[in-house]
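Below you'll find the structure, written out as structure tokens, and then a few comments.
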Amino acid sequence: MISFPIKVMFFKLVQFVLKWSSKALNFRTPELFTGAGSSLLLCEHMGRTGAKNILLVTDAMLAKIGLLDPIKAKLDELGIRYTIYDGVEPNPTIDQIEAGLALLKGEKCTAILAVGGGSPIDAAKVIAARAKNPLKVAHMAGLLRVIFKPLPLFVVPTTAGTGSEVTIAAVVSDPSTTRKFAIMDPNLVPLGAALDGALMAGLPAHITAATGMDALTHAVEAYISRNSNPSTDAEAVEATRLIMQNLPRVVKDGQDLEARQNMALASYKAGVAFTTAGVGYVHAIAHNFGAYYHVPHGLANAIILPRVLDFSKAFCIERLAYLAQISGLRKGQETPTELADAFIAHVRALNAEFGIPTQVEQLREEDIPAITDKALSEAHWTYAVPRYMDKAECRSFIRQMLPAQS
């Protein structure tokens, strides 16, 4: 049997290859529109690209509360025909994607507009890819398996968290196998995106908090990744600064449009950072909490993040110390270790302030071995984490999040 230190050497070699491959790919970013009303400017941009018949991918709640009404009115004004697909639920499944694809084909749509959080945007990415590629959804899992360019895709995020509007990834759930997997390909980056903070004003505080902590996780994991570079560092640091300054504001006052817009920008920047630098164990474990128990992704990330930082701290002290400084946590002449500890403590304090639990109530002891295997398989072959966990460490780590015994 190969020893764990030898395996770690091999994991690092794989990540070294991925790091240099990502430089060669030179990921593009979408045509970006920002500020109140930018979603309507995006509609005009779609019209200029020749879009005449689109599939509008969203979720049922957004359609019900009327958030889409200004966008629909603008599309009508521009003479762009649209068909609404609102069957996307949190942690979108293969079946939901196939249903959207069938509707798109039936209505002969030639472009897609996604309006919503990460789930509608991820679903729209895969629908666009399926429309032009021969592979089934499950067969596109992994890196660079979207052979042909997808249908033109435009997105309007309504939460400031996933950064899916700028990433190369889409995450899909397969309930039949209790599996959650990522499709990662530069072809999935949308052609255009609007960061319209005004659309986020009505977001409930608990969703604002969880999605904001999702964005923070993206920024922090990208910054401490061994695949980071000066460009991703700049985006991750600025995203962290914006989140630390603005997330408490928007959780307290959802109508604070300046803070909403800053959070939308932070989420985007964090997405730019982790598209190249990657994420880490927080995401690998959170994906499985979502697949097994439907725990919302941002909430799972928030619960896991401070524990992963504790585990990784000794291997990224200077970086965590710098995040503490730009978060305004330096009070005097603290050592790097003291600053790193202060940053982790601040993440825990934010979770407590936002009412985010420390345990996963749905987690069951009997599921931990399978969750461990799937999380390590994802992390070790995909992410350049600062410190590697072996199987025993990971099981013990996950076990800390079991619900307290009554």
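The values are calculated or read from the model by the stated rules, or taken from the named source; none is laboratory data. Everything numeric in this text was worked out from a predicted model, so none of it was measured. Positions of Cβ are backbone-derived with ideal geometry, glycine not excepted, and every protein chain shown enters the neighbour counts. Surface accessibility is based on the protein's heavy atoms, side chains included, excluding ligands, DNA and RNA. Shrake-Rupley method; radii C 1.70, N 1.55, O 1.52, S 1.80 Å.
Hey, among Pro230, Pro186, which residue is more than 26 Å from Asn133 (Cα to Cα) and open to solvent by 10 Å² or more (accessible area, probe 1.4 Å)? Break it down into steps so the answer makes sense when it comes.
Numbers: Pro186 fails: more than 26 Å from Asn133 (Cα to Cα).
The unique qualifying residue is Pro230.
Taken together, Ala131, Ala123 contain a single residue that is assigned to a helix (DSSP H, G or I), surrounded by 24 or more Cβ atoms within 10 Å (Cβ to Cβ) and either touching a Leu at 6+ places or on another chain (Cβ under 9 Å) or at pLDDT 95 or above (or both), which is Ala123.
Just one of the listed residues (Ala198, Ala234) is assigned to a helix (DSSP H, G or I) and either over 21 Å from Met61 (Cα atoms) or among the aromatic types (Phe, Trp, Tyr) (or both), namely Ala234.
Here the condition is being open to solvent by 60 Å² or more (accessible area, probe 1.4 Å), in contact with a helix residue (DSSP H, G or I) (Cβ under 7 Å, 6 or more places away or on another chain) and on the phi < 0 side of the Ramachandran plot; of Arg364, Arg399, it holds for Arg399 alone.
Going by the conditions given, is Ala324 within 23 Å of the chain's Cα centre (by Cα), modelled with pLDDT of 95 or more and open to solvent by less than 60 Å² (accessible area, probe 1.4 Å)? Taking the combined requirement at face value, the residue satisfies it. Considering the stretch 55-88, and only residues there that are in contact (Cβ under 8 Å) with a residue 60 or more places away in the chain and in contact with a Leu (Cβ under 8 Å, 6 or more places away or on another chain), the residue that is nearest to Lys105 (Cα to Cα) turns out to be Leu55.
Mind checking which residues of the stretch 263-282 are assigned to a helix (DSSP H, G or I) and open to solvent by less than 10 Å² (accessible area, probe 1.4 Å)? Please lay out each step first, then the result.
Step one: of the stretch 263-282, the residues assigned to a helix (DSSP H, G or I) are 263-277, 281-282.
Passing the criteria: Met263, Ala264, Ala266, Ser267, Ala270, Gly271, Ala273, Ala277, Tyr281, Val282.
For first residues located in the stretch 237-249 and within 11 Å of Tyr223 (Cβ to Cβ), partners that are among the polar types (S, T, N, Q) and open to solvent by 20 Å² or more (accessible area, probe 1.4 Å) and lie 6+ apart or on another chain with Cβ distances below 7 Å form the pairs Thr240/Ser327. A search for C-beta distances below 7 Å between a residue of the stretch 157-170 that is open to solvent by less than 10 Å² (accessible area, probe 1.4 Å) and any residue that is among the acidic types (Asp, Glu), counting only pairs 6+ apart in sequence or on different chains, returns Pro157/Glu165; Gly161/Asp214; Ser164/Asp122; Ala170/Asp122. Looking at Ala60, is it among the aliphatic types (A, V, I, L, M), exposed (fewer than 14 other Cβ atoms within 10 Å of the Cβ) and out of contact with any Asp or Glu (no Cβ under 8 Å at 6 or more places or on another chain)? So Ala60 fails the test. Applying a threshold of 7 Å to beta carbon distances and a minimum spacing of six or more residues, or different chains, the list of pairs starting in the stretch 99-126 at a residue that is in contact (Cβ under 8 Å) with a residue 40 or more places away in the chain and ending at one that is open to solvent by 10 Å² or more (accessible area, probe 1.4 Å) and of a type in the set (Gly, Ala, Ser) reads Gly100/Gly87; Leu104/Ala131.
Against the definition (within 22 Å of Phe289 (Cβ to Cβ), aliphatic (A, V, I, L, M) and touching a Ser or Thr at 6+ places or on another chain (Cβ under 8 Å)), how does Ala392 come out, yes or no? Working first, answer last.
Working: within 22 Å of Phe289 (Cβ to Cβ): yes; aliphatic (A, V, I, L, M): yes; touching a Ser or Thr at 6+ places or on another chain (Cβ under 8 Å): no.
Considered against the rule, which asks whether it is within 22 Å of Phe289 (Cβ to Cβ), aliphatic (A, V, I, L, M) and touching a Ser or Thr at 6+ places or on another chain (Cβ under 8 Å), Ala392 comes out as no.
Just one of the numbered conditions (1) under 25 Å from Ala277 (Cβ atoms); (2) touching a Leu at 6+ places or on another chain (Cβ under 9 Å); (3) surrounded by fewer than 19 Cβ atoms within 10 Å (Cβ to Cβ) is not true of Arg387: (2).
So which residues in the stretch 298-313 are within 19 Å of Val171 (Cα to Cα) and open to solvent by 40 Å² or more (accessible area, probe 1.4 Å), if there are any at all? Listed by number, the list holds a single entry, Leu299. Being assigned to a loop (DSSP other than H, G, I, E, B), over 19 Å from Leu42 (Cβ atoms) and modelled with pLDDT of 95 or more is the requirement here; does Lys149 meet it? In short, yes. Quick one: would you say Gly35 is small (Gly, Ala, Ser), in contact with an Asp or Glu (Cβ under 9 Å, 6 or more places away or on another chain), in contact (Cβ under 8 Å) with a residue 40 or more places away in the chain and more than 21 Å from Leu188 (Cα to Cα)? Taking the combined requirement at face value, the residue satisfies it.
When restricted to residues that are in contact with a Leu (Cβ under 7 Å, 6 or more places away or on another chain) and touching a residue at least 24 places away in the same chain (Cβ under 8 Å), the stretch 321-345 contains 3.
Which residue pairs have Cβ atoms closer than 6 Å, lie 6 or more positions apart in sequence or on different chains, and pair a first residue in the stretch 214-228 that is free of Cβ contacts under 8 Å to residues at least 24 places away in the same chain with a second residue that is surrounded by fewer than 24 Cβ atoms within 10 Å (Cβ to Cβ) and hydroxyl-bearing (Ser, Thr, Tyr)? Close Cβ pairs satisfying both conditions: none exist.
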